[in-house]
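The values are calculated or read from the model by the stated rules, or taken from the named source; none is laboratory data. The shown structure was predicted, so the numbers you read here are calculated from the model rather than taken from an experiment. Note that we place each Cβ from the backbone using ideal geometry, even for glycine, and neighbour counts take in every protein chain shown. For the accessible areas, the whole protein counts, side chains as well, though only heavy atoms, and no ligand, DNA or RNA atoms are used. Shrake-Rupley method; radii C 1.70, N 1.55, O 1.52, S 1.80 Å.
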Amino acid sequence: MSDSKDLIVKTAFNLFISKSYNEVTMQDIVKATGLSKGGFYHYFSSKEKVFEEVVNVFIQRTKVEELAAFSEGTLKEFYSAYIDVLEKRIMKYREESGASKEVLKANHYALVFDAIKLLDGFKERQTQIHEEELELWKTVIAKAKASGEIATPLTDEQMAKLFLFQNYGIGVYYFSRSQADEALEQMKEQFQAIYKSISKD
């Protein structure tokens, strides 16, 4: 990616995540980059095109590759790493955008919902990422059962969904109440509670 295109994408992300897709205009993005209109339109012909690139670069970053390195450890190590990856990603977004945690977390979900509505294939790509995450959780849980770390009558998939859906459910719950800052703490508590109920320690 060229320096100018990279500048446009980062600037647009900062605006979208600090406000919302609908609140940001093409003029806002051009002005914030400091580029001439000609220089800007050389790379993007519309706000929709800029948004698509922002989604590809920032919003659709997958956790799967980051988490795969932790799948060889215990379930406790894995779910701790899962939360840590989320926390670091939120902090990175915050540093890049300058937005508060509340605005950042809330607008992240808003942008994902906008992407589902506006971008062809986004929903399918997100579904694939979620399925890959689910498979990773299932693998870790199966290993935890086999090693005697945990004991539960639930299937590997049921346990995997119990953990994984905490992320989605808690995120949306606190997003809808403008209490995004509490989401990660609540997720930590829920993960710990689930693990305590099945751990053999």
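Residues HIS42, HIS108, HIS130, sorted by accessible area with the largest first, give HIS42, HIS130, HIS108 [1.4 Å probe; ligands and nucleic acids excluded]. Computed per residue of the chain from DSSP H runs no shorter than four, each worth -39500 (n - 2.57), the mean residue ellipticity at 222 nm is -23500 deg cm²/dmol. Note on THR139: accessible area approximately 80 square angstrom, rounded to 10, probe 1.4 Å, nucleic acids and ligands left out. Within a straight-line Cα-Cα reach of under 26 Å, LYS200 can be paired with the following lysines, leaving aside sequence neighbours fewer than 8 residues apart in one chain: LYS76, LYS138, LYS143, LYS145, LYS161, LYS188. Distance between the modelled labels on GLU131 and LEU154, one decimal in nanometres: 2.3 nm (7 Å Cα→Cβ projection).
Straight-line cross-link partners of LYS92 among the lysines, defined as a Cα under 16 Å from its Cα and at least 8 positions apart when in the same chain: LYS10, LYS63, LYS101, LYS105.
Extending each Cα 7 Å along its Cβ direction at GLU72 and HIS42, get the distance between those two points in nm, one decimal. Output for this residue pair reads 4.6 nm. Helix 101-118 and the longest principal axis of the Cα set of the chain meet at an angle near 80°. Just one of [x] 37, 16, 14; [y] 22, 20, 18; [z] 36, 21, 15 is semi-axes √(5λ) of the Cα gyration tensor in Å calculated from these coordinates, so which is it? Comparing each candidate, only [x] matches the computed number. All other residues whose Cβ lies under 11 angstrom from that of LYS145 are scored, Lys and Arg at +1 and Asp and Glu at -1, for a net of +1. Can you give the accessible area of THR25, probe radius 1.4 Å, in Å² rounded to 10? So the heavy atoms of THR25 present about 60 Å² to solvent.
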